[in-house]
Structure formats: structure tokens, C-alpha cells
Amino acid sequence: MDWSFPDQEERYRASLQESDGKVLVSSLTRDGAEVPLPEISVESDGKKGMATVNVGGYSKKAHIARSGDTWWVHIDGRAHEIIFHEQGSQSTSKEGSLKAPMPGTVLQVMIKEGQRVREGQHLMTLEAMKMEHKILAPSPGEIAKIHFSEGERVDMGSSLVEIED
Amino acid sequence: MSGAPTPFSKVLVANRGEIAVRVIQAAREAGLSCVAVFSDSDRTSLHVEMADESVFLEGDTLESTYLNGSAIIEAARSSGADAIHPGYGFLSERADFANAVESSGIRWIGPSSHAIETMGDKISARSLMIESGVPVIPGDQVPMEEGADHLGALASAAAKVGYPLLIKASAGGGGKGMRAVSLPKNLRSEFEAAAREASTAFGDGTVYIERLLKRARHVEIQVLCDSHGGAIHLNERDCSLQRRYQKVIEEAPSPAVTSTIREAMGEAAVKAAKSVGYVGAGTVEFLLASNGEFYFLEMNTRIQVEHPVTEMTTGIDLVQKQFEVAAGLPLGILQQDVRQNGHSIEARVYAEDPSRGFLPSIGDLAVWETPSGPGIRVDSGVRQGDSVTIDFDPMLAKLIVHAPDRKSAIRRLDNALSSFVVLGVRTNIDFLRNSLSHDSFQSGEIDTDFLDSTDPSDLRGEEPDKSMLVAIAASAQRLGMDRGQAVGTEPSDDHTGHLGDPFRTLGRTFP
């Protein structure tokens, strides 16, 4: 089982030991290489979503929640997301496909399939929460496929447009 | 509501989210009963739970629900409400709605439809301000209707005003329907986008243009007027920390306003309010140039999102005053009695993702823990377990602090933000903390371009300790902390998500 952070490639893996309702992290790797780690142990506080994290002799409180494959951890005044990957799972992102950065409605499609676009060209406009957001070409290329037309609703992460070199 | 009898007793709150909650709380304190309205996606929302009764608004769009004036008036009739408070946004600045409410024999808690209409149309407001001797932004007034045939007029007006310029929705506010144009070739596309956004958000696609002033501060004056000719101002709020014309952090007093400027600006604001026979709470917005000159921007004829910072520093409850004034009571406060006590800052907590260009984020509020303590106030319309959808404005809460001076207010706000725990939905909380700690904010030297012109990497916090985070997440998973039900915990209230709180429990059975 691997762990990663949003929009980041590196994969982490942790070896754990359990004793007395406490979990000890015995080692941690990043992209296969061992990462030096202070002694860390975690125990649940018994209160929903609260844990005590013991790091190098100090203990801190953390709020923890899970939604889907994302684990949310609030510690030291900031919230973080850590993503869980089942063993062997591969990233499904296809080369050159442009994903919806938010859920919303397609307001405008400014391009046609087969058209050449330059980097930064305005391809589509999405609307959500009454605000408009432009979808720009991340690189120059040819529009291979447009998956949505004007007025259609898109989910976050759906592939909008495919661009080929 | 001491003194005179109130001519209304039941208020319908024609809004949702935090402002509906705020108004309902104030109404209850005033001894009024309250009616909430709600659309399908708000069935279980906090404002509905807090109201004495609620009326369902049928339909899938804002136009058929919260923007549906006749359905809301009908809801007031059927529930026996004899007053309507519009909150902000939605129908709050629709003169025709104010009119329809009054002519249905229901008290409108707001200024007259004449005042709304005059100030709401930024073009007529400008002319009136020029007539009344209130300074206005240099530029040209160009009334324009939505539609391609007006592009020629637009282009020649733009040439007269000069670039950079600002296209604004005549009926606008909150950054919606507003576009900056720095090059003539972008004029058409930005105009069309502004007009479209304006039609969606306000039901009116009319836009106008004005010169974009660089390096100015946004400073606004709160005014309060009664129906007996009483009109005072409650000092300024500084809302210079904006992102794409959307306010992010507001404070009172303004670090850039001297007592001379305050007095002059306050007088101009009262003059502006009087010129339309204003009654109620309103805000006159100004741009303050670095040389101390200020220009009328617009008047908001409603309660503002950022009203709490004025309440904290003056000790005056503005929503309560709205009720009193609507009930025909005199203000009971003289200008010289208005105090300026300490410093207050408000931070708007949005469901948005600063790492992805501030796109709205959605999800379920798996954990929602708001900070508390001396000088800390949270105005919010959501609670733990609620879903954040794309249907509404992404503002989740306003965190307001009050402290003796600006420095300690900043520290208090940063500390409160650090204990504001929101998990399950990405928010701008880190971004708010990073903005607060930026040297320019600390020294009080920011203008409205600050956020848009600052290198995003300067507003990024420290890199987190990723190894530790993975260690925690992996351990939490091993401990089964995702299984929801914890061991030996207090039962959580099904409705509020709060743990068994003696005050809440008492409240239910208290005589």
C-alpha cells in the first residue's frame, strides 16, 4: 500500500508495528528509498477523529478523517491530505488529457476537434458557483477529442479535452 | 427593542447560509419569531433548523427559489410573517422586490425601493453623487445593455476612459460580473463574460465601465439612518485584501485612515445616504488613493458580509438596528457617541483551493471545529457533516476577532485560524494565515492589487513534514480510525453534530 500527496508523483510506504493500541512507525520509504524518521507512534484518543501523535518525545493532537482514498490530517494548525493507493494500482491519468479542475457546467467550447491550439489558448469555459473559469491549453497540440459540449455538467477530474502533439 | 411597540412580530428571512443564521439569531433576541425559506438542497441546513418555521421553495434553480420574489412573498403570507429581511445578495438589492413586499402589506427591512434603485444602478448613483458633491472615480459613464450591437459604443467609451479599465455589472457586487481589461483586444470577450456572469448572478446583464485605479485601498463607511431624519456613520472598514475583487480579509479601523480622513469620508457617506433618503443600515464604498484622496465607488443598500468588524469595534448590533429602524424607532445614537474600541479583523473562510487557482472545492465536512475564546466570533451557516456543493457561494464561515490593537488582533486571528479544523473540503485557511503573516499585511501597507500581484510562492506556507504525515495517515488507517464509530465517546447530536452539550440539552427542556 502506497501513499502520496495531491498533484505529486512521489510514493511513500510505511512499515508499522502495533502494540497496546498504539501504532509505531518502524520505517518509511519514499520511491523505494528509506527516509530517516524520528520515532513516531500514534494512538487513537477514543474520541471520534482525534489521535495523539508522539514524535521524538513530544506529543501532539491531530484531527483525522477519511473521505474515499483521501486521509485528512490536521496537525500543528494546518490541514493536509494524504492519498492512499491499493498495492499495484497505477495512476489512471492519460497523457495529454485535460481534466476538469472542479465540478461545474460547460459554458463555452471555443475549439473543434482536429484544431491546432497553442499553449495557453482558451479552450473551454466552466461555470461553478456563479463564477466562470477558463480552461487553457497546457501545451501546444492538436485537439484529438472533446468530451463535453456546452451546457453539460462535468464532475471534478473528468477528462474534458484530449490534446495530441 | 425597548420603548415603542413594534409593528411587526414575525420575520421571514429571505436568504440562506450564515447571513440567514445571523438574522434569525438577531430576530430571536428581539423577541420576533422567524420563518426560514429553503430550496431542496437546503432541507437540512442550519438556518432551517434554527428558524421557528420554514417554507419550502420548489425548483432546481436560484431563479425559482431564493431569487423568486413572488414565491417568497407567498411564503410570508402563508406563514403569517409580517416582515421580510433579505440578508445580502439574492433579492436584497432588488428594488422591484422591495416594492412588491411593501405593497403586499409586509414590512420590508431595508431601505426604500427608490434608494435601492438609485444606488443599485451604478450609473444613476454616480450622477447623484456628482450632484451631491461626493467625489467619484475618474472615468466615463457608459450605460450599456447586453448584446452584440452595443460593442461599438463600448469600444469608443473604452477609448475615452482609457486602459486599464474595469467592466462592472450595473447590478453587481462580490466580484461577480466584474472584469479588468488591460488591452483593447480583450475588451469584447471580457465584456461578454461580465454580461453573462451578471445575468446569471443578478438577473440583469447591464454593465458599465470605469477607470481602473491602481494601488488604491478599498475603504468603506457603515451608515445607519432612521425614518426620522437621523443619519450617522459608524466609522470605516478596510477591505483592501481582495482577490479578483472578492474581499478576503476586512478590518476596522483602517491602518491607512487618519481621523481627518475618517471625518471627511464619514461626512461624504452620510451625505450620500441622505441624498436618497436612506433608511436602515447601508455601506458607502470608497477607493482611497495613496495621497489621501478618496472616491465614491458605490453604495450597498443592505447589510454587508463584513458588518461584524463594525459591530465589534462600535458595540452596535447592526442587524438589531435594522429591525428597530424598520419598526419606526429612532436611532437613539448621536454621531459623537459612536465609539471606536480596539481593532477587529474578519477572515472569510471559503471552500476553495488556493493551489488550483482558487477553484471552488466540494465535499462533506467530515470535521468542522470552529475556534472559540475571548474576542473570537464565528458567523457560519454550516456544521459538521454538511455537504458543500457547487450550488451556492463557497463562503463557509466568517471568523472575526477583536483585540485592543491591530498587532494583537492579527495574532489572535492567526491563532484562531490555526485551531479552525476543517477536514473533508479544501479551504483557504492556510492561505489566510499566510496572507496575514506577509510583511505587507503586517505593516498595513496593502492595496487592492496586493493578492493578485503578489507571487503565489510568497503566500505559500512552509513545506509540510510529509514523512510525518504519511506516518500518521498509515497509523490512523491501521487503527481503523476511518470506521466512524469511536470507542467510549459521547453521543453526537444527530442534527447539530455537536457532542452532548449541557447547554443545548438544557435548552430543549428549559421552561
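Bear in mind that the values in this text are calculations on the coordinates, not laboratory data. Note that this is a predicted model, so its numbers are computed, not measured. Virtual Cβ from ideal backbone geometry, glycine too; neighbours counted across all protein chains shown.
Per residue, chain B reaches -9500 deg cm²/dmol at 222 nm when only DSSP H runs of four or more residues are counted, each adding -39500 (n - 2.57). As a ratio to 2.2 N^0.38 Å, the alpha-carbon radius of gyration for the protein assembly as shown is 1.00.
Pairs of C-alpha atoms in region B:214-341 farther apart than 21 Å represent 33 percent of all such pairs. Short-range pairs are left out: with C-alpha atoms under 8 Å and at least six residues apart, the relative contact order of region B:349-462 is 31 percent.
Looking at the protein assembly as shown, the DSSP beta bridges with both ends there are about 90 percent antiparallel. About its Cα centre, region A:1-135 has a charge dipole of approximately 520 debye under the convention of +1 per Lys or Arg Cβ and -1 per Asp or Glu Cβ, with nothing else charged. Whole Å is fine, so just give me how far the alpha carbon centre of region A:1-63 lies from that of region B:60-115. Taking the Cα centre of region B:60-115 as reference, the centre of region A:1-63 is 54 Å away. Taking the alpha carbon gyration tensor of region B:297-441, multiplying each eigenvalue by 5 and rooting it gives semi-axes of 29, 20, 14 Å, largest first. Among B:Phe90, B:Gln222, B:Asn68, whose Cα sits farthest toward the positive end of the charge dipole of the protein assembly as shown (+1 at Cβ of Lys/Arg, -1 at Cβ of Asp/Glu, about the Cα centre)? Projecting each Cα onto the dipole axis, the largest value belongs to B:Gln222. The distance from the alpha carbon centre of region B:210-234 to that of region B:249-300 is 3 Å, rounded to a whole number. Annotation note: GluC sites (Glu not before Pro) in region B:60-117 located in DSSP loop regions with a Cβ neighbour count of at most 11 within 10 Å are B:Glu63.
Tell me the Kirkwood hydrodynamic radius of chain B in angstroms, computed as one over the mean inverse distance between distinct C-alpha pairs.
24.0 Å
Normalised by the number of residues in chain B, the average gap of Cα pairs under 8 Å and 6 or more apart makes the relative contact order 13 percent. Under the convention that each Lys and Arg Cβ holds +1 and each Asp and Glu Cβ holds -1, the size of the dipole of chain B around its Cα centre is about 580 debye.
Only one residue of A:Gly57, B:Ile345, B:Leu396 has its Cα farthest out toward the positive end of the dipole of the protein assembly as shown, where Lys and Arg carry +1 and Asp and Glu -1 on Cβ, and that residue is B:Ile345. Here the Debye sum runs over all C-alpha atoms of region B:10-109 as equal scatterers in vacuum, and log10 of I(q)/I(0) at q = 0.09, 0.14, 0.16, 0.22 Å⁻¹ comes out as -0.17, -0.42, -0.56, -1.12. Charged side chains reduced to their Cβ positions (Lys and Arg at +1, Asp and Glu at -1) give region B:349-462 a dipole of some 520 debye around its Cα centre. Taking every residue in A:36-48 and counting other chain Cβ atoms within 10 Å of its Cβ, the average works out to 5.
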